[in-house]
Amino acid sequence: MTTPSKLALVPFVSVDNMMKLVNAIGPAKMIAEIAEYIEADFKRWEKFDKTPRVAAHSDEGVIELMPTSDGESYGFKYVNGHPANMARGFQTVTAFGVLARVDNGYPVLLSEMTILTALRTAATSALVAKYLAPEGSKTMAMIGNGAQCEFQALAFQTVLGIDTVRLYDIDRDATEKAARNLASTGLTIVKCTSPEEAVTGAQIITTCTADKQYATILTDNMVGSGVHINAIGGDCPGKTELHRDILLRSDIFVEYPPQTRVEGEIQQLAPDHAVTEMWRVMTGQAQGRRDARQITLFDSVGFATEDFSALRYIRDQLKDHDTYVELDMLADPDDPRDLFGMVARAAG
C-alpha cells in the first residue's frame, strides 16, 4: 500500500467533529464569531464572484450548488431542501461544502454543512438585525420551531441582546422540543398557540417554516409599525411566508437581488420593486433603519458568500482544534504527467 503524499491530503470535518468543535467553542460564541466573518465579507462584497445558486428542482424538493470566490479562495456548498423529508425519517436540509485555493485549484477543506448552515443562517439573521431591528429590541417571535429555531434564538440573544422568545409552530411537539432545548439559555420562553399570540409584544418576528408553497404565515393585520421581520423560510420559487401587503408596507433588504427576486418573498412583487442590498448598508452606502415606526424586512434566502465565510471560519479554527481527519482525496504522482504509472505501480 502506498502512503499518500501531504499534497494528497485534505482536512475533513465530519458531523461528529463539527459537533465537537461547536461544543468546544460554545454554540453562542461560534455563531457570534461566524457573524463577524460574514460581516467582514459583506464589507468586501465587490471582490466576490456572484451568481444565483444552481438549482435542480423536483416535485419533492430542490438540490442546489452555491459557488463563489474572492479571487484567492473558492468555495461552494451542496445543499438540498426537501420539506416532506421529516415525515419520511430524513432531514429537511443536508449540506456539505468545499474551500479551495484559487492559485492551484487544490481543496483545503471539506466539511459537513448541515450543522454549519444552521449556524451561519442564524449568524446572518442576527447580524442583519443589528443594522435593522428597533433599538433596544428584547422580544422575538419565532414562528416555525424546527431545526433552525434554537440557533436563531441563541444568535439573537448573543448578538442583539434579546431576552424573550415567543414560540409557535403548527406542530406542538416542535414547540415543546425548542422550549426544552432553550430552557438553560437564560432566555424567557413563551409557548404560544397561534401566530397572532406569538407576535404580540415582539419587536422582531422571525418566520422559518418548511412548506414548499405560497403560504401566508403572517397576514397584514398581524404586523404593526416599528418591527423587524426576519423572513428566512422562503428560499425557492413558489415558496413564501408573508402576505403581499406586508411587503408593500415594508422597507425590504436582501442579500443578492438576482437570486432573491426568484426565490424570496419579493417573487410576489414587480421585478423592479425597490430593495436595498445589505452590503450597501454595512458599508455605509445605504441606510438601514431610519426611525422607530419603520417596518424593516430582511428577505433572506441564503447566499454563497455566507457559506464561504463560514467555511473560512472553520478552516481558521482547525489551527487550534484537532477536530478533523485528513482524507486522501487528491492524486499526487511523482511525475504529474504519469497518472497511469502511479495507478499501475500501486498494483505491485
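The values are calculated or read from the model by the stated rules, or taken from the named source; none is laboratory data. Just so it is clear, the structure is predicted and the values come from calculations on it, not from any experiment. Glycine gets a Cβ as well: all are built from the backbone with ideal geometry, and neighbour counts include every protein chain shown.
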Checking the conditions here, which among 219, 188 is exposed (fewer than 15 other Cβ atoms within 10 Å of the Cβ), within 30 Å of residue 257 (Cβ to Cβ) and without any contact (Cβ under 8 Å) to a residue 60 or more places away in the chain? 219
When residues of the stretch 55-95 are limited to those that are among the hydrophobic types (A, V, I, L, M, F, W, C) and out of contact with any strand residue (DSSP E or B) (no Cβ under 6 Å at 6 or more places or on another chain), the one surrounded by the fewest Cβ atoms within 10 Å (Cβ to Cβ): 87
Output the number of residues of the stretch 312-341 satisfying the condition of being touching a strand residue (DSSP E or B) at 6+ places or on another chain (Cβ under 8 Å) and either not assigned by TED's automatic domain parsing to the domain that holds residue 72 or not in a loop (DSSP other than H, G, I, E, B) (or both). 7
Elements of type helices (runs of 4 or more DSSP H) contained in the stretch 102-188, each with 3 or more residues being more than 24 Å from residue 279 (Cα to Cα): 172-181
Total residues in the stretch 305-325, condition aliphatic (A, V, I, L, M) and closer than 16 Å to residue 39 by Cβ: 2
Taking interchain pairs and intrachain pairs at least six residues apart, which have beta carbon atoms under 6 angstrom, with the first residue in the stretch 304-318 and acidic (Asp, Glu) and the second outside any helix (DSSP H, G or I)? 307/66; 307/77; 307/97
What about residue 198, is it closer than 26 Å to residue 81 by Cβ, among the aliphatic types (A, V, I, L, M) and touching a strand residue (DSSP E or B) at 6+ places or on another chain (Cβ under 7 Å)? yes
Residues of the stretch 79-95 satisfying the condition of being in contact with a Gly (Cβ under 7 Å, 6 or more places away or on another chain) and either under 24 Å from residue 47 (Cα atoms) or in a strand (DSSP E or B) (or both): 80, 81
Filter pass, residue 291 being more than 30 Å from residue 15 (Cβ to Cβ) and of a type in the set (Asp, Glu): yes
May I ask you to list the residues in the stretch 133-176 that are closer than 26 Å to residue 36 by Cβ and of a type in the set (Lys, Arg)? 138
Just to be sure before I move on: is residue 205 surrounded by fewer than 17 Cβ atoms within 10 Å (Cβ to Cβ), within 22 Å of residue 118 (Cα to Cα), assigned by TED's automatic domain parsing to the domain that holds residue 133 and among the hydrophobic types (A, V, I, L, M, F, W, C) in the structure I sent? no
Could you list, ordered by first residue, the pairs with Cβ atoms under 6 Å in which the first is in the stretch 59-83 and under 13 Å from residue 302 (Cβ atoms) and assigned by TED's automatic domain parsing to the domain that holds residue 96 and the second is surrounded by fewer than 19 Cβ atoms within 10 Å (Cβ to Cβ) and of a type in the set (D, E, K, R), at least 6 apart or interchain? 68/49
Conditions: (1) more than 27 Å from residue 314 (Cβ to Cβ); (2) of a type outside the set (Lys, Arg); (3) not assigned by TED's automatic domain parsing to the domain that holds residue 13. Residue 89 meets all but one. Number of the miss? (3)
